[in-house]
Amino acid sequence: MMERKKFWNSLLQIEIPISVTLASKLIPSEQVLKLVPGVMIHFEKPYDAPLNLEVDDQIIATGDVVKVGDKFGLKIVAIEQRDERWVCLVDSEAAKPAKSPASASETPAAAR
């Protein structure tokens, strides 16, 4: 039991990269190749809209930009529902345990 607790405590110490996304959009590769200093890229997202906090490209929370000294931070205003945070990594049908073959006692009489 103590070993299991140590394992979970050590697992919780793993550092996970997080990112904050200001905005995103798709642009043609031709425009990307024409980018130079001074070019302005316009986004549809309002300047005062909450930013997304992401883990592995999955939004886990939203928040507002705050100034922390001479740096910036993110004040969390909403957390995504747990079941909406992570995309299922396994096909739900493939994750189900395989059915064991019916035993002779479970086999219908007509099949015997």
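The values are calculated or read from the model by the stated rules, or taken from the named source; none is laboratory data. From a predicted model like this one, the values you see are computed outputs, not experimental measurements. Quick reminder, even Gly has a Cβ in these numbers, built from the backbone with ideal geometry, and neighbours come from all protein chains shown. Accessible surface is based on the protein model in full, side chains and every heavy atom, while ligands, DNA and RNA are left aside. Shrake-Rupley method; radii C 1.70, N 1.55, O 1.52, S 1.80 Å.
Somewhere in region 36-45, is a residue at pLDDT below 95 and assigned to a strand (DSSP E or B)?
no
Taking region 1-30 as the search range and keeping residues that are part of a helix (DSSP H, G or I) and modelled with pLDDT of 95 or more, which one is farthest from Ile59 (Cα to Cα)?
Per the stated criteria, the residue is Glu30.
Under 8 Å between Cβ atoms, at least 6 apart or on separate chains: pull out the pairs that start in region 15-32 with a residue that is touching a residue at least 24 places away in the same chain (Cβ under 8 Å) and among the hydrophobic types (A, V, I, L, M, F, W, C) and end on any residue that is open to solvent by less than 100 Å² (accessible area, probe 1.4 Å) and part of a loop (DSSP other than H, G, I, E, B).
Final answer for the pair search is Leu22/Phe43; Leu22/Lys45.
Quick one: in region 38-75, which of the residues that are in contact with a Gly (Cβ under 8 Å, 6 or more places away or on another chain) and not hydrophobic (A, V, I, L, M, F, W, C) is surrounded by the most Cβ atoms within 10 Å (Cβ to Cβ)?
It comes out as Pro50.
Would you be able to say whether some residue in region 71-79 is more than 22 Å from the chain's Cα centre (by Cα), at pLDDT 50 or above and either under 18 Å from Pro17 (Cα atoms) or part of a loop (DSSP other than H, G, I, E, B) (or both)?
Looking through region 71-79, at least one residue is more than 22 Å from the chain's Cα centre (by Cα), at pLDDT 50 or above and either under 18 Å from Pro17 (Cα atoms) or part of a loop (DSSP other than H, G, I, E, B) (or both).
With respect to the numbered conditions (1) out of contact with any Leu (no Cβ under 9 Å at 6 or more places or on another chain); (2) part of a strand (DSSP E or B), which one is the sole condition not fulfilled by Thr62?
For Thr62, the failing item is (1).
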